[in-house]
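Okay, so here's the structure we're looking at.
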Amino acid sequence: MVAYKKFKKVLIANRGEIAVRICRACREMGITTVAVYSEVDRNALHVRYADEAYYIGPAPATDSYLRIDKIIEVALKSNCDAIHPGYGFLAENSEFVNACNKNNITFIGPNTQSMYILGDKTRARQKMIEAGVPIVPGIKDPVKDLNEALKIADEIGYPIMFKASAGGGGKGMRLIKSKEEFQAVYDLAKGEALSAFGDDRMYIEKAIEKPRHVEVQIARDKYGTGIHLFERECSIQRRHQKVIEESPSMAINDEIRHKMGEAAVRAVAAANYDSVGTVEFLVDKDMNFYFLEVNTRVQVEHPVTELVTGIDIVKLQIGIAEGKPLPIKQEEVHQYGHAIECRIYAEDPDKNFMPSPGIIEGLRLPGGPGVRVDTGVYEGAEIPIYYDPMAAKLLVWAKDRNAAIARMQRALSEFIVKGIKTTIPFHQKVLRNQDFIDGNISTDFIDKEVLEKPQPREGSAIAAIAAAAIAEYLREKSLKNKLLVFKETCGAGSPWKEAGKRAAMLGLSFGDIYKTS
Ligand code: MV4
């Protein structure tokens, strides 16, 4: 029997939007929050949101957010019952879970044993075979040597995927098209895995062509009851970084949706899992689905599921860690309407997505019906170079996919950030793409469809040139970024109307502006 223990105080071992998100859940649950912060995060939003905040070290994560000893010390000193790790940093580190257990602090996440099973990709594949969850055709044990590897690859048939057992999320993975190529890169791939994970065990899978990435949100309590919260479609990725996520997925029908949900619940039951988590699948063009891996944390894209199910996943996760039985039955979970998330990064899409750290000089967040913004920044805040450059998550909910796309376009046009470059224009381009609108997306969508092909422009070229001239004129007038934010927010999209309003604000006629350019 598991003891139920209501948390009074929780330490959040993270930063940015997810730390703020966890603070919000705790606040609603009547739990006191403790933030930790690095040197560069002294003025960060999560520090302001939490009830208490403690400094844990210099900016590099290895000196602060990854310091198990410091974080445990703060949790003990501040009398915390539990630690929420968020995602990234220590979220999937079993050494950290052990340290929490040793100090009688509850880790808000799964037990170490299930983390151990699911954290290793070959171990997880073996478990899935036992549980009757379909996996990508391939081997269940790591390969011994090149000869064995070549033999197995011949049996499976090229192209194959050569993956690191300790890898995941696209790290330590290689597509191999022929025997010659395999011979050439075998040692190289093992060497890369060794330096990246300290573990060079590798396994072989058949390569699925043009797959979709569809994942199922699950929750399982300490009493062996598991449910799924339906799927998220995450095929729009760039270099294994998700860019846009949505629910429901266009790639599957209700029959497959039902089967995937049940398979996901079986998958985590096999590992005796006891938290919220995500079971990732690849889906091929014939709607066959194959288990990929389990993420044993709350994920960046969890709000997509919250919007279509109405279930607060972070509160659910905290409740499970407290030892509460699941408060809902599978039959009570419904997927209603359509949700889309755009991850807004502090990167320059015109300069190959180079990081664009710096101070946010002006900020206007979108709002209105069906819009949610989760962010760790505010006007005047700095995005440091040390951590993940995601500045905000913009989510919309609407009754169907078309309405959600229109709402996202509207929300993106309201979203103004000054001082740093962001991926907002890139998202606008994706949302105008016909293949995206048609739901015709696979994992190579961004490289193939968006970055290579010129996209249709909005409005006339002359209007764009006029708008650019006016913008230049305003810059010369050296108007403050804050004023720009205000004016862009009020613009309904037409460069002509914008120009008229800008002229009016400067006490000029449109002709005056034309003459100066
Ligand atoms: C694959 C695959 C094709 N065949 N495995 C990439 C992320 C990681 N979770 C697994 N990934 C893939 N595994 C087999 N056997 C193609 C990918 C893949 C991919 C998957 C989902 C979303 C985007 C992707 C981009 C490139 C490759």
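The values are calculated or read from the model by the stated rules, or taken from the named source; none is laboratory data. Everything quoted here is computed from the prediction, not taken from an experiment. Using ideal geometry, Cβ is built from the backbone for each residue, glycine included, and neighbour counts are taken over all protein chains shown.
Can you tell which of K9, K70 is without any contact (Cβ under 8 Å) to a residue 60 or more places away in the chain and under 22 Å from C100 (Cα atoms)? Before the answer, list the steps.
Numbers: K9 fails: without any contact (Cβ under 8 Å) to a residue 60 or more places away in the chain.
Just a single option satisfies the conditions, and that option is K70.
Has the stretch 95-113 got at least one residue that is at pLDDT below 95 and not in a loop (DSSP other than H, G, I, E, B)?
Of the stretch 95-113, the ones at pLDDT below 95 are none.
Within the stretch 95-113 (the criterion being at pLDDT below 95 and not in a loop (DSSP other than H, G, I, E, B)), the answer is no, since none of the residues qualifies.
For the stretch 25-39, name all the residues that are surrounded by 16 or more Cβ atoms within 10 Å (Cβ to Cβ) and either polar (S, T, N, Q) or over 16 Å from E382 (Cβ atoms) (or both).
Here is the first cut: in the stretch 25-39, the residues surrounded by 16 or more Cβ atoms within 10 Å (Cβ to Cβ) are 25-26, 29, 31-38.
Within the stretch 25-39, A25, C26, M29, I31, T32, T33, V34, A35, V36, S38 meet the criteria.
What are the residue pairs meeting all of these: first residue in the stretch 284-295, first residue more than 14 Å from S249 (Cα to Cα), second residue within 11 Å of the ligand (Cβ to nearest atom) and aromatic (F, W, Y), Cβ atoms under 8 Å, and 6 or more apart or on different chains?
Close Cβ pairs satisfying both conditions: Y290/F281; F291/F281; L292/F281.
Among the residues of the stretch 103-110, is any among the aromatic types (F, W, Y), crowded, with 21+ Cβ neighbours inside 10 Å, within 16 Å of the ligand (Cβ to nearest atom) and over 20 Å from N288 (Cβ atoms)? Before you say what the answer is, go through the steps one by one.
Of all residues in the stretch 103-110, those among the aromatic types (F, W, Y) come to 107.
Among the residues that remain, those that are also crowded, with 21+ Cβ neighbours inside 10 Å are: 107.
Filter once more, keeping what is within 16 Å of the ligand (Cβ to nearest atom): none.
No, there is no match, as no residue in the stretch 103-110 is among the aromatic types (F, W, Y), crowded, with 21+ Cβ neighbours inside 10 Å, within 16 Å of the ligand (Cβ to nearest atom) and over 20 Å from N288 (Cβ atoms).
Provide a single number: the residues in the stretch 111-140 that are within 16 Å of the ligand (Cβ to nearest atom), over 25 Å from the mean Cα position of the chain (by Cα) and small (G, A, S).
1
Report whether or not A184 is closer than 28 Å to G109 by Cβ, surrounded by fewer than 22 Cβ atoms within 10 Å (Cβ to Cβ) and either within 14 Å of the ligand (Cβ to nearest atom) or of a type in the set (G, A, S) (or both). Reasoning before the result, please.
Numbers: closer than 28 Å to G109 by Cβ: no; surrounded by fewer than 22 Cβ atoms within 10 Å (Cβ to Cβ): yes; either within 14 Å of the ligand (Cβ to nearest atom) or of a type in the set (G, A, S) (or both): yes.
Taking the combined requirement at face value, the residue does not satisfy it.
So which strands (runs of 3 or more DSSP E) are wholly in the stretch 204-321 and hold at least 2 residues that are within 24 Å of T106 (Cβ to Cβ), at pLDDT 95 or above and within 16 Å of the ligand (Cβ to nearest atom)? Walk me through it before giving the result.
Values: elements: 212-220, 226-238, 241-247, 276-283, 289-295.
Strands (runs of 3 or more DSSP E) meeting the threshold: 276-283, 289-295.
Of all residues in the stretch 149-179, which are crowded, with 18+ Cβ neighbours inside 10 Å and away from the ligand (no atom under 12 Å from the Cβ)?
A149, A153, S165, A166
Pick out the one residue from I204, I256, I208, I252 that is among the hydrophobic types (A, V, I, L, M, F, W, C), surrounded by fewer than 22 Cβ atoms within 10 Å (Cβ to Cβ) and farther than 24 Å from N402 by Cβ.
Testing whether each residue is among the hydrophobic types (A, V, I, L, M, F, W, C), surrounded by fewer than 22 Cβ atoms within 10 Å (Cβ to Cβ) and farther than 24 Å from N402 by Cβ leaves just I208.
May I ask you to say which residue of R42, R15 is buried (at least 23 other Cβ atoms within 10 Å of the Cβ), among the basic types (K, R) and either within 25 Å of the chain's Cα centre (by Cα) or farther than 17 Å from T296 by Cα (or both)?
Numbers: R42 fails: buried (at least 23 other Cβ atoms within 10 Å of the Cβ).
The unique qualifying residue is R15.
Every residue in the stretch 19-71 that is outside any helix (DSSP H, G or I) and charged (D, E, K, R), please. Can you show your working first?
Just the residues of the stretch 19-71 that are outside any helix (DSSP H, G or I), to begin with: 30-38, 42-44, 50-60, 64-67.
Of everything in the stretch 19-71, those that are outside any helix (DSSP H, G or I) and charged (D, E, K, R) turn out to be R42, D51, E52, R67.
Please work out which residue is modelled with the lowest pLDDT, limiting yourself to the stretch 155-191 and to residues that are within 14 Å of V143 (Cα to Cα) and of a type in the set (A, V, I, L, M, F, W, C).
Of everything passing the filter in the stretch 155-191, A166 is modelled with the lowest pLDDT.
Please go through the stretch 1-51 and pick out each residue that is farther than 27 Å from Y345 by Cβ and of a type in the set (K, R).
K5, K6, K8, K9, R27
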